[in-house]
Amino acid sequence: LSPETGSTFQCKLDLAAFAACTSPATYSNLTVAQHTMQIRAIDAAGNIDGSPANYPWTVQPGGTPVDCGPAQTLSADADAWIDSGSTSTNKGDDSVLKVMSKSGNNVRTLVHFDLQNMPAGCQLDTAKLRMYAGSSSSSQRTLEALRLDGSWTEGGVTWANAPQASGPAVTTISGNGYREWAVVTLVQAMYSTGQENGFLIKDATENQDAE
């Protein structure tokens, strides 16, 4: 709903164009497939909402509704940090994780989650990665999260044998307390490829002597 008096609405189903609509909007004869409806508001001055509301759903054979279950909160089942200044040393048993940009001593973190099986007919709409920073430097840095392309173990990974990471990266700003990345595209790729190898966390610009 729009809080502005005089606002109207437009709806868009799947790949169709936006068209005027009212509530409730009804669609019939939909194919057995995944569908997405978008709704945007237009105020009395003609300004169009740039962030339409997004409602995905799936039509099953026979009209059977899909139960995708509640949102899941997962804790990491493996983590480690790796150091370009000590390429063969494993840091998987450390009690903390580290990220640092420093010439000859860049530090990155790896973290893995055991993803849940996706129920048939469901899709991933949102995913957030949250990590707690107990301390940070006074200079604000951009921290990247990328999807890892190969397997690794907490007790075996080093800078020398760590798997490659693939983009695009998602970012957040450094600081104390919880840091959060919107990783839905990365996790969607994990499901679609079957490669659930976790995330690499690194400074967006390394070799800068900036913790």
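The values are calculated or read from the model by the stated rules, or taken from the named source; none is laboratory data. These numbers come from a predicted model, not from an experiment. Cβ: placed from backbone, ideal geometry, glycine included. Neighbour counts: every protein chain shown. In case anyone asks, the SASA skips ligands and DNA or RNA and just uses the protein heavy atoms, side chains included. Shrake-Rupley method; radii C 1.70, N 1.55, O 1.52, S 1.80 Å.
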- Of (1) touching a residue at least 24 places away in the same chain (Cβ under 8 Å); (2) over 23 Å from ASP94 (Cα atoms); (3) touching a strand residue (DSSP E or B) at 6+ places or on another chain (Cβ under 6 Å), SER166 fails just (1)
- Is it true that ASN54 is farther than 30 Å from TRP152 by Cα and not in a loop (DSSP other than H, G, I, E, B)? yes
- Task: Evaluate the stretch 22-44: report whether one residue or more is open to solvent by less than 80 Å² (accessible area, probe 1.4 Å), touching a residue at least 24 places away in the same chain (Cβ under 8 Å), of a type in the set (Ser, Thr, Tyr) and in a loop (DSSP other than H, G, I, E, B).
- Result: no
- Note on the structure: Checked THR171, THR158 against criteria (modelled with pLDDT of 95 or more, open to solvent by less than 20 Å² (accessible area, probe 1.4 Å), under 22 Å from SER84 (Cβ atoms) and polar (S, T, N, Q)); the one match is THR158
- Taking the stretch 1-21, which residues are open to solvent by less than 60 Å² (accessible area, probe 1.4 Å) and assigned to a strand (DSSP E or B)? GLN10, CYS11, LYS12, LEU13, ALA19
- Restrict the check to the stretch 130-142 and report whether at least one residue is at pLDDT 95 or above, out of contact with any strand residue (DSSP E or B) (no Cβ under 6 Å at 6 or more places or on another chain) and hydrophobic (A, V, I, L, M, F, W, C). no
- Only one of these conditions is not met by GLU180: (1) in a loop (DSSP other than H, G, I, E, B); (2) modelled with pLDDT of 95 or more. Which number is it? (1)
- What is the residue count in the stretch 99-117 for residues that are closer than 30 Å to ALA71 by Cβ and touching a residue at least 12 places away in the same chain (Cβ under 8 Å)? 10
- Kindly state which strands (runs of 3 or more DSSP E) lie completely within the stretch 83-154 and contain at least 3 residues that are open to solvent by 40 Å² or more (accessible area, probe 1.4 Å). 128-133
- Here are ASN117, ASN105: which of them is modelled with pLDDT under 95 and under 13 Å from LYS202 (Cα atoms)? ASN105
- Within the stretch 16-61, residues among the hydrophobic types (A, V, I, L, M, F, W, C) and within 22 Å of THR126 (Cα to Cα) come out as ALA33, MET37, ILE39, ALA53, TRP57, VAL59
- Task: Answer with yes or no whether VAL66 is at pLDDT below 80, more than 30 Å from GLY155 (Cα to Cα) and surrounded by 14 or more Cβ atoms within 10 Å (Cβ to Cβ).
- Result: yes
- Which residues, taken from the stretch 183-198, are over 12 Å from LEU129 (Cβ atoms), touching a residue at least 12 places away in the same chain (Cβ under 8 Å) and assigned to a loop (DSSP other than H, G, I, E, B)? GLN195, GLU196, ASN197
- Return yes when TYR55 is free of Cβ contacts under 8 Å to residues at least 60 places away in the same chain and open to solvent by 90 Å² or more (accessible area, probe 1.4 Å) and no when it is not. yes
